[in-house]
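Each remark here refers to the structure printed beneath this line.
The values are calculated or read from the model by the stated rules, or taken from the named source; none is laboratory data. These figures come from a predicted structure and were not determined experimentally. Cβ coordinates were reconstructed from backbone atoms using ideal geometry, including for glycine residues, and neighbour counts include every protein chain displayed.
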Amino acid sequence: MEKAGLDTLRKKAIADYQDNAIALVRDAVRVREMAREPLVMESFVVVIMLKGTATIYMEECEMRLSAGDIFMCRPNSILEKSMISMDLEIRAFVLSEEKVEDLLHETGMRWNFRITASNHEVLHAEEEEVRRLCMYYDLLNDKLNTPASQSKQPALDALFKALVYEFYDLRERESEDESLAPVNYSSGENIFRQFVRLLEDPRQPFVSVNDYATMLHVTPKYFSSVCKRLSGKTAGEIIRDEIIKQAKLLLRDNTLGIKQIAARLNFANQSHFGTYFHRYVGLSPQQFRQSSFN
């Protein structure tokens, strides 16, 4: 399965601008070519639909996009397949995890902004809002491609912050449970942030709810209540979903045996992994692997 992120875009040379933290993309033809095959997203991606339509399947969810829609996804998301119209026009921002962390910190935005991306949410912008977002794209592209100067970085920082506020304003309009005003992270939000980092750290094996709570120095009951309040899912559901997602990703890699995958996901043995996977997917790991390559 091909990977799609900053490194891939650099190799394919399709971005208007790219460095180690960000890429700006509008080449719809090359994007459509990349999306013909399943992709593993390696970076945060925000796509603004200007024209045309797209139907994408991400982790068994179908999303239909048209002009004015804004799609966000986070690293390690799996784009199963897509159907994209020939008249597609987009503006896309591809950001490293470090860049997203910096932006959220600098703007003081709630962690819920990142949850939007983790849920693959689709927002809708009005015509004037789309025009304004495109203006930010053009301004950033122009400034990023100019020679270094004393004012370049402060100007870029201001543009990026303003862009984050624009996206957050769109999210605020569609959700009554968040405030546009920047706030400090609550203790619960800080716990959830740390939990997400642990889940996404490839060096950290998956463990139980109780073990994560111990690592975060809170009780399991409080830990699960925080997860439910901020994400709509219990801690156990979040862990399960992440395990299944990673299992599907690994099963698509024919270089790994199922026993190796079971060990990597911290299962006691291959049989335990197979039982767990079948319970939530309805297929054995081997059946899922075979169906993925048919």
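Numbers below:
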{"item": "Condition met for Ala268 (touching a helix residue (DSSP H, G or I) at 6+ places or on another chain (Cβ under 9 Å), among the hydrophobic types (A, V, I, L, M, F, W, C) and surrounded by fewer than 14 Cβ atoms within 10 Å (Cβ to Cβ))", "result": "yes"}
{"item": "Options Asn141, Asn112: the member that is modelled with pLDDT of 95 or more and assigned by TED's automatic domain parsing to the domain that holds Ala23", "result": "Asn141"}
{"item": "Single unsatisfied condition, Ser225 versus (1) part of a loop (DSSP other than H, G, I, E, B); (2) of a type in the set (Gly, Ala, Ser); (3) closer than 21 Å to Phe192 by Cα", "result": "(1)"}
{"item": "Test: Tyr185 is surrounded by 15 or more Cβ atoms within 10 Å (Cβ to Cβ), over 30 Å from Asp142 (Cα atoms) and at pLDDT 90 or above", "result": "no"}
{"item": "Qualifying residues in the stretch 22-59 (those that are within 15 Å of the chain's Cα centre (by Cα) and assigned to a loop (DSSP other than H, G, I, E, B)) - the one nearest to Tyr136 (Cα to Cα)", "result": "Ser43"}
{"item": "Some residue of the stretch 116-129 being surrounded by 15 or more Cβ atoms within 10 Å (Cβ to Cβ), part of a strand (DSSP E or B), touching a His at 6+ places or on another chain (Cβ under 6 Å) and modelled with pLDDT under 90", "result": "no"}
{"item": "Test: residue in the stretch 13-27 that is surrounded by fewer than 17 Cβ atoms within 10 Å (Cβ to Cβ), modelled with pLDDT of 85 or more and basic (Lys, Arg)", "result": "no"}
{"item": "Residues located in the stretch 211-221, provided they are assigned to a helix (DSSP H, G or I) and surrounded by fewer than 15 Cβ atoms within 10 Å (Cβ to Cβ)", "result": "Asp211, Thr214, Met215, Lys221"}
{"item": "Qualifying residue in the stretch 39-55 (condition: among the polar types (S, T, N, Q), in contact with a helix residue (DSSP H, G or I) (Cβ under 8 Å, 6 or more places away or on another chain), assigned by TED's automatic domain parsing to the domain that holds Glu166 and surrounded by fewer than 17 Cβ atoms within 10 Å (Cβ to Cβ))", "result": "no"}
{"item": "Number of positions in the stretch 81-106 that are of a type in the set (A, V, I, L, M, F, W, C) and part of a loop (DSSP other than H, G, I, E, B)", "result": "2"}
{"item": "Considering residues of the stretch 86-106 that are exposed (fewer than 15 other Cβ atoms within 10 Å of the Cβ) and in contact (Cβ under 8 Å) with a residue 12 or more places away in the chain only, the residue farthest from Arg36 (Cα to Cα)", "result": "Glu106"}
{"item": "Search result, residues across the stretch 43-78 that are closer than 20 Å to Val196 by Cα and either in contact with a Gly (Cβ under 8 Å, 6 or more places away or on another chain) or of a type in the set (D, E, K, R) (or both)", "result": "Ser43, Glu59, Arg74, Pro75"}
